[in-house]
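Encoded as structure tokens, the structure appears first; notes follow it.
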Amino acid sequence: MTALALFGAAAAAWAAAAIVAWLSGTVRAAMRCSCALSILGGGLAFAGGIAALLRGDSRVVSPGGSAVVGTLQLQATSLAAVFAVLLGIVAVAIGLYLPRSRKETSAQTNLYLGAYNLALIASIAVLAAGGVTTFLVAWESMALLCYLLILHRPRSSEVASGAFWFLALSETGFVLIVAAFVILAAKTGSLSLDVIAARAHLVPADWRDTAYLLALVGFGFKAGLVPLHVWLPAAHPVAPADGSAFLSGLIVKLGVYGIALFAFRLLPEGPAWRGIVTMGLGALTAAIGILYAMAERDIKRFLAFSTIENIGIIITAFGAAMTFLAYGQRALWAFLLLAGLYHVLNHGCYKTLLFLEAGVTEHATGTRDMDRLGGLARAMPRAGVIAFVGTLGIAALPPLNGFVSEWLIFQGLFQGFRTHSDLVAILIVVAAATLGLTGGLAIYAFVRGFGIPYLGMPRTRQAASATEADQPVYGPALLAIACVVLAVGAPVVLVGLATAIRTATGVALRPILLPGKLTVIPAHTNFSGFSPTYLTVFLLAVLVVPVLIYLAGRPRAGSTVVPVWDGGMLAFRPRMQYSAMTFSAPTRVTFDALYRPSVSVERASDDPAGRSGPVHYESQATPVFERYLYRPVVAGVEWLADFVRPLQSGDVNLYLLYVFVAVLAAYLIVAL
Amino acid sequence: MTTSPADLTDAIAETGEELRRRVASQFRRSLHIRTLDTGSCAACEQEIRLLAAPHYDLHRLGFFFTPAPRHADLLLVTGPMLRAFAAAARKTYDAMPAPKIVVATGACALGGVYQPDAFCFGSADEVLPVDVWIPGCPPSPLALLHGLLVAVDRLAEKVPSLSFTVGGTA
Amino acid sequence: MPQWFVRGLRRGVVTTRYPARPEPSARDLPGPPAFRAGALSQRSADALVEICPSRALMRTGNVLVFDVGACTACGQCRDHAPEALMPTGEFELATTSRRALIKRIPLLADGEVST
């Protein structure tokens with residue numbers, strides 16, 4: 001079957017799932033049936049993505065349309081295929097997660113499931129869009145449906161605020177995306193993406209660059225580039241766990257897909273400064289994302305900022321790729337695109353996994369606050385193992401998948417000197433250094449993100465009484481297996497991606513990447529290479545050595561079991577352990593200028609410390625972007641609205657006057 | 001043939017001394033020291049700190065300070081063993097893996113200065129089994145070095161043969 | 001360059017060679033005193049026992065029992081009876097046996113005069 005046919009089948013399955021969900025009432029079996037259909041759709045999308053990866057660009061299919069909306073144009077490109085594979089995996093995982101995470105089936109759940117499945121259809125439509133109108137309609141539908149997903153529990157003002165941030169920024173981005181597409185469509189005279197790509201050289205240079213910048217900012221709102229990211233930490237905590245997983249796992253990737261569409265398919269040729277600006281924006285996003293993640297106690301806000309960091313890494317890779325192309329290095333261009341797409345796949349897997357596990361944790365303990373958790377790995381062993389796999393992946397530690405893709409990105413960035421321009425080479429090195437800082441901070445942040453909730457002793461009774469009976473486990477487990485497969489099976493993944501890159505860019509990377517023995521040698525034979533498969537086998541083999549040493553050298557006398565060393569305290573209470581904020585204190589002190597914390601301390605009395613009674617300490621990082629960027633903009637808009645309010649006085653006579661003036665003006669314009 | 005109780009006691013003491021020597025000789029050139037202040041005035045701590053300074057340079061002898069009792073071979077105790085601290089001192093000692101050595105230093109830990117009362121035990125060996133005693137108030141870093149080297153059997157003790165009496169017969 | 005670096009280069013190595021070689025500066029360190037045998041009468045010994053703030057001195061019969069471990073080298077006994085006490089210059093006082101630190105000093109018997 002062709003890829004498009006598989007995508008169509010997936011959409012049909014999801015449509016059926018949505019209908020079943022709406023009609024299911026309180027029948028639990030019907031809800032399970034809906035989830036099963038959702039999983040089926042995910043599998044079909046996955047298969048379609050693989051098919052599109054291997055078979056290359058299909059022709060544009062126009063199954064109809066109308067004169068009003070324009071024709072519906074669908075095409076399965078290899079660039080979109082990677083994202084479709086991810087969509088399939090995420091859909092299957094969330095479909096497995098959903099039934100057990102919703103204890104009672106209510107009207108609200110049914111509406112949510114329906115909206116979720118429709119959002120899946122909209123996402124696949126964005127990826128399969130072959131024309132401008134199709135793309136824009138699908139994009140807007142996806143945004144509105146995600147807004148409904150976030151609004152799952154509308155009673156609290158936090159939920160409404162988070163959802164509103166999402167919608168407002170999505171719409172702002174949409175305006176810019178429309179502008180970008182309109183420029184391209186007008187200058188090339190066609191609404192089909194293939195034709196636009198073929199005729200891109202007809203677009204004058206400044207219009208072309210303007211269109212690219214509009215697309216970068218417009219899609220950047222969705223992808224979460226700094227300073228356009230503020231909806232992520234607002235919306236993720238308040239959405240249900242699978243909603244957050246869907247948002248972070250897939251929806252922000254659609255923003256990345258949009259940027260990749262403009263950067264690599266529609267407008268590949270361009271000046272070097274485009275790539276450098278993109279790369280700089282990506283590096284900044286990565287660093288700021290992880291720094292803000294360090295200051296978060298709420299697990300979901302923490303993961304949201306980590307998403308921002310990873311998107312920054314991907315966009316840095318894309319930007320460097322564009323820079324290399326501007327200097328004629330086509331192999332490096334294709335290579336960094338491949339590395340970026342690999343990271344898209346990896347991040348989709350482990351971020352979805354971590355969000356689903358955050359949902360399991362919230363369900364088991366009733367709280368998202370890291371400082372109220374602890375010891376969950378003992379209370380919920382399976383969740384602990386799965387979350388550990390996800391943490392290893394996102395911290396980019398060998399031998400898991402995050403390491404593979406970040407290694408490839410670094411290898412590509414280190415080739416910056418091949419641009420033969422000193423300034424550009426230095427800028428690329430600075431970007432690589434920023435990514436290095438980000439990588440180190442990411443390990444720190446995720447030691448904290450895994451260690452505080454899962455290790456140690458439970459800090460509260462809720463954490464102590466957590467249990468994983470009845471909790472969803474197959475969805476996250478599938479994603480954990482996917483992480484391992486993506487790592488150990490990297491040669492196979494690279495074959496697939498290289499085939500897609502060959503169709504998308506015309507550069508054949510496979511002979512460079514996988515000569516002979518399935519060893520990965522990135523981009524140039526002068527640089528070091530490794531094979532993740534060999535690395536995994538080697539690490540496992542090496543672990544045998546300490547075991548042998550222990551068996552040979554252990555003391556013959558028996559060993560005694562003594563209590564854990566706790567500093568000699570007489571009554572060690574779990575609250576004396578590291579808290580999330582004290583663990584990240586060194587970073588917060590070092591980067592104090594970024595956080596600008598506002599600290600307030602209130603004592604019950606003026607007596608010296610120890611006798612003063614209760615002390616209330618509150619510290620909050622200044623929301624820099626909300627306060628200094630968005631609030632002035634909003635204030636400006638409100639001022640403008642106030643300014644024009646007299647026009648809408650409600651007086652019918654005034655409105656009749658407007659009508660008369662408009663008719664007069666139209667008459668004069670036509671006449672002149 | 002029967003051995004008298006006195007002979008037995010001597011034999012036991014000799015075996016004990018040999019055991020102590022064998023334990024101590026394991027640490028001849030690599031010793032990790034954990035200091036424990038059971039309520040001292042910190043003069044001993046200041047002298048102990050100086051051991052790591054360039055004048056005395058503990059590290060050239062292979063001795064190191066470690067904060068973790070799990071990594072420590074030798075527990076260097078100062079202070080008159082306040083009752084409030086006794087449980088923590090015992091916990092620190094228990095957390096050290098065998099074989100281990102306990103050295104009490106300073107007049108307080110040796111039983112001087114403070115009488116046993118409601119607040120302190122008066123000497124370190126009320127709570128911990130002390131192997132080596134280093135007198136002084138505070139003991140100079142040289143005295144501490146000598147004591148540590150005695151503890152790892154690199155130097156011989158001098159005090160049993162000193163008489164502190166001048167002239168006449170001791 | 002920081003001044004201490006230049007100063008250090010000029011001064012050379014100041015690390016003590018102890019225990020390989022004896023340390024001459026140890027002579028001046030404060031330490032427990034030595035007693036002249038037969039220089040103290042029982043009454044003066046009782047006075048010393050009274051003023052020792054660390055209870056390092058005790059008299060049993062004609063013997064002054066001196067606990068070297070409890071001595072803080074405060075010098076009160078030397079100020080009180082300077083002719084009977086003198087510095088030892090000993091600093092290597094560590095021992096594995098607590099009893100080895102209890103020293104017995106003979107006193108003047110009643111009626112005897114010190115020489």
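Using the charge dipole of chain C (Lys, Arg: +1 at Cβ; Asp, Glu: -1 at Cβ; taken about the Cα centre), state which of C:GLY38, C:CYS52, C:PHE91 has its Cα farthest towards the positive end. Looking along the dipole axis, the top candidate is C:PHE91.
Summary of packing: across the peptides A:208-217, A:585-594, A:228-237, the per-residue average of other C-beta atoms within 10 Å ranks them, highest first, as A:228-237, A:208-217, A:585-594.
For region B:125-170 and region A:580-642, compute the distance between their C-alpha centroids and round to whole Å. For region B:125-170 versus region A:580-642, the Cα centre distance is 58 Å. Helices meeting the span-like rule in chain A (full DSSP H runs, Cα extent of at least 24 Å along the helix axis, mean Kyte-Doolittle score of -1.0 or higher): A:3-23, A:28-55, A:78-101, A:107-127, A:132-150, A:157-188, A:205-223, A:272-294, A:299-326, A:330-365, A:422-454, A:652-671. In a fully extended conformation the segment linking A:LEU111 and A:ALA160 would gain 15.9 nm over its present Cα-Cα distance, using 0.36 nm per residue.
Given region A:627-671, report the % of alpha carbon pairs whose separation exceeds 15 Å. Distances greater than 15 Å cover 63 percent of the Cα pairs. For chain C, the longest principal axis of the C-alpha atoms and the axis of helix C:42-51 are separated by about 50°.
Please report, to two decimal places, log10 I(q)/I(0) for region A:2-67 at q = 0.16, 0.22, 0.27 Å⁻¹ as given by the Debye formula with identical point scatterers on the Cα atoms and no solvent. Log-scaled intensity ratios, in q order: -0.61, -0.85, -1.02.
Highest-first packing order for the peptide set A:45-54, A:246-255, A:427-436, C:65-74 is A:246-255, A:45-54, C:65-74, A:427-436, based on the mean count of other beta carbon atoms within 10 Å.
Projecting label points 7 angstrom from Cα along Cα→Cβ for B:ARG70 and A:ALA36 puts them 5.0 nm apart. Of all lysines in the structure, those lying under 27 Å Cα to Cα from A:LYS222, and not within fewer than 8 positions of it along the same chain, are A:LYS187, A:LYS253, A:LYS300, A:LYS351.
Note on the protein assembly as shown: semi-axes of the ellipsoid equivalent to its C-alpha gyration tensor, largest first and rounded to whole Å, are 77, 30, 29.
For chain A, adding -39500 (n - 2.57) for each run of n ≥ 4 DSSP H residues and dividing by the number of residues yields -22000 deg cm²/dmol at 222 nm.
Here the protein assembly as shown is treated with +1 on each Lys and Arg Cβ and -1 on each Asp and Glu Cβ, and its dipole about the Cα centre works out to around 1760 debye.
Legend: mean number of C-beta atoms from other chains within 10 angstrom of residue C-beta atoms, peptide B:104-117, equals 4.
Neighbouring Cβ atoms from other chains, within 10 Å of the Cβ of residues in C:83-95, number 6 on average.
Per-residue ellipticity at 222 nm computed for chain B from its helices equals -10000 deg cm²/dmol, with DSSP H segments shorter than 4 residues left out and the rest contributing -39,500 (n - 2.57). The protection proxy used here, the mean number of other Cβ atoms lying within 10 Å of each residue, ranks peptides B:119-132, A:108-121 as follows, highest first: A:108-121, B:119-132. Geometric descriptor of chain C, per residue, is 156 Å³ (volume of the convex hull of the Cα atoms).
The three principal axes of the C-alpha atoms in region A:334-415 carry coordinate ranges of 47, 21, 18 Å, sorted with the longest axis first. Remark: mean inter-chain Cβ contacts per residue of C:64-76 equal 5, using a 10 Å Cβ-Cβ cutoff to other protein chain atoms.
Between region A:288-319 and region A:221-287, the C-alpha centres lie 11 angstrom from each other. If R0 equals 41 Å, the separation of the Cβ atoms of B:ARG22 and B:GLN115 corresponds to a calculated FRET efficiency of about 0.65.
Just for the protein assembly as shown, what percent of DSSP beta bridges are antiparallel, to the closest 5? Rounded to the nearest five, the antiparallel share is 60 percent. Translational diffusion of region A:79-143 was estimated from the Stokes-Einstein equation, with Rh taken as the Kirkwood radius over Cα pairs; at 25 °C and 0.890 mPa s the coefficient is 189 µm²/s. Spin-label pair C:MET58-A:ALA609: with each label point 7 Å from Cα along the Cα-Cβ axis, the two points sit 4.4 nm from one another. Give the distance, in whole Å, between the Cα centre of region A:1-69 and the Cα centre of region B:14-93. Using only Cα atoms, the two centres lie 71 Å from each other. Label sites at B:HIS55 and A:VAL485, each approximated as a point 7 angstrom past Cα along Cα to Cβ, lie 7.0 nm apart. In the distance distribution for region B:31-154, Cα-Cα pairs more than 24 Å apart total 19 percent.
With both residues required to sit in chain B, DSSP beta bridges show an antiparallel share near 5%.
Since every read-out is calculated from the coordinates, none of them should be taken as a lab result. Predicted model, so just to flag it, every value in this text is computed and none were measured. With ideal geometry, Cβ positions are generated from the backbone for all residues, glycine too; neighbour counts draw on all protein chains shown.
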